[in-house]
């Protein structure tokens, strides 16, 4: 007789609702592939009366998810609430302690509490699976944990936020402003009502921290990282990048430099012909550099109920097949803490845009300050706006280190002839 496993789904937003439908629809397929039967015995959401595309089975509905653990025998629990703390952390922690396997799409929770929860899962000999927390439907975590398991990975670069990528590529396509494109993204469901974490880089940084830990077999870093989002990018930057043969992309990058970890998230100017420049819309892509495999590229839809459910189901089948494994691929005790690379030493060519008063001597004021901080100019473009007595000055620099460039820009910010904070984009 095939064993039946009881499942609970916590959180019935877009993803939870889609997943529930998949679980009910694919029971037969799951049984064929794993020789296990599944039964959804509990579901939980804040509001039972919220408009949904399906009828809620009130017999298995719980407003308080913690009651499920007291009243039902659960084998596998899906956490799809998405908070880094509060009820998300509580339900995952208590489930693991009760020897229940947990599957989550919650990158904020894993980036913040992944170490504690993974050691707990190892102690209780259950799985903590989070494939859906990074890059939606792209099986990037399983690729690192299993497909590339004997490779030494030294660098990961990714477009890991569909909202930001959609906004940047839509501005490029339509010549519409950031504000207008964001409104459109919200209307289409590509951006949240409050898209702060998508736009400021926080979402990508959580994913990069998870990728670092898996790629380099290290503990999740608690160090402060370079994080800059896309909120300050204007249409004129998109157009200027285009005229320079480049595109702007928000990249998450993690690498080991001199045995130190360097994680960062920021907009980059990338060559228009490069692979990464041509990942558009809500697509995600991850490039892994490893030895002996060389460069591996994975691309796919990074968000939305379909791709996310695909990753959640992949985790479910892994558990049903009886694979009890370390959440981060390597035992908690074997993963070491790694020192952070000193950001101030990092050097890059920069794109700098200054909005200035159109009057003699302003350009030389800027170039003098750049020279003072040993930042040399590769290209200089001036775009006058005589009607408003203003001008845009765009400077592409040779390589400059972060310490010098931040000191330089802080000094230029107080110049009365520079009308707003300069825009800085790093070249990649």
>> Between segment 351-415 and segment 203-238, what is the separation of their alpha carbon centroids in Å?
In response: 27 Å
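Suppose R0 equals 30 Å. What FRET efficiency, 1/(1 + (r/R0)^6) with r the Cβ-Cβ distance, do residue 321 and residue 64 give to the nearest 0.05?
0.40
Compute the orientation-averaged projected area for segment 150-301 from the convex hull of its Cα atoms and round it to one decimal in nm².
Averaged projected hull area, Cα only: 9.4 nm².
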> For residue 175 and residue 236 in the same chain, what is the full-extension length gain: residue separation times 0.36 nm, less their Cα-Cα distance, in nm?
Replying inline: 21.0 nm
> If R0 is 25 Å, what FRET efficiency do you get for residue 257 and residue 374 from their C-beta distance, rounded to 0.05?
Replying inline: 0.70
> At q = 0.11, 0.17, 0.20 Å⁻¹, what base-10 log of I(q)/I(0) does the Debye formula yield for segment 4-129 when every alpha carbon is treated as an equal point scatterer in vacuo?
Replying inline: -0.36, -0.87, -1.19
> Considering the Cα trace of the chain, what is its radius of gyration and what is Dmax, both in angstroms?
Replying inline: 24.1, 87
>> Please give the Cα centre distance for segment 160-179 versus segment 74-105, rounded to the nearest Å.
In response: 34 Å
> Under the rule of -39500 (n - 2.57) per DSSP H run of 4 or more residues, summed and divided by the residues of the chain, what mean residue ellipticity at 222 nm is obtained, to the nearest 500 deg cm²/dmol?
Replying inline: -10500 deg cm²/dmol
> Any idea what the relative contact order of segment 306-428 is, in percent, if you count C-alpha pairs under 8 Å spaced at least 6 apart?
Replying inline: 33 percent
> Does a label point 7 Å from the Cα of residue 342, set along Cα-to-beta-carbon, have any residues of segment 383-407 with amide nitrogen under 13 Å, and which are they?
Replying inline: 402-404
> Taking R0 as 56 Å, what's the FRET efficiency between residue 333 and residue 385 from their Cβ-Cβ distance, rounded to 0.05?
Replying inline: 0.35
> By how many nm would the segment from residue 227 to residue 50 lengthen if fully extended, with 0.36 nm per residue of separation less the alpha-carbon distance?
Replying inline: 60.1 nm
>> Using Cα-Cα distances under 8 Å and only pairs 6 or more residues apart, what relative contact order does the chain have, in percent?
In response: 16 percent
> Relative to the present Cα-Cα distance, how much length would full extension add between residue 196 and residue 98 at 0.36 nm per residue of separation?
Replying inline: 31.7 nm
>> Within segment 284-300, list the residues whose amide N lies under 19 Å from a label point set 7 Å along Cα→Cβ of residue 149.
In response: 290-294
> How many percent of all Cα-Cα pairs in segment 279-327 sit more than 17 Å apart?
Replying inline: 56 percent
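Each value in this text was obtained by applying a stated rule to the coordinates, not by laboratory testing. Fair warning: this is a prediction, and the values are worked out from it, not measured in the lab. Heads up, the Cβs are rebuilt from the backbone with ideal geometry, glycines too, and the neighbour counts pull from every protein chain shown.
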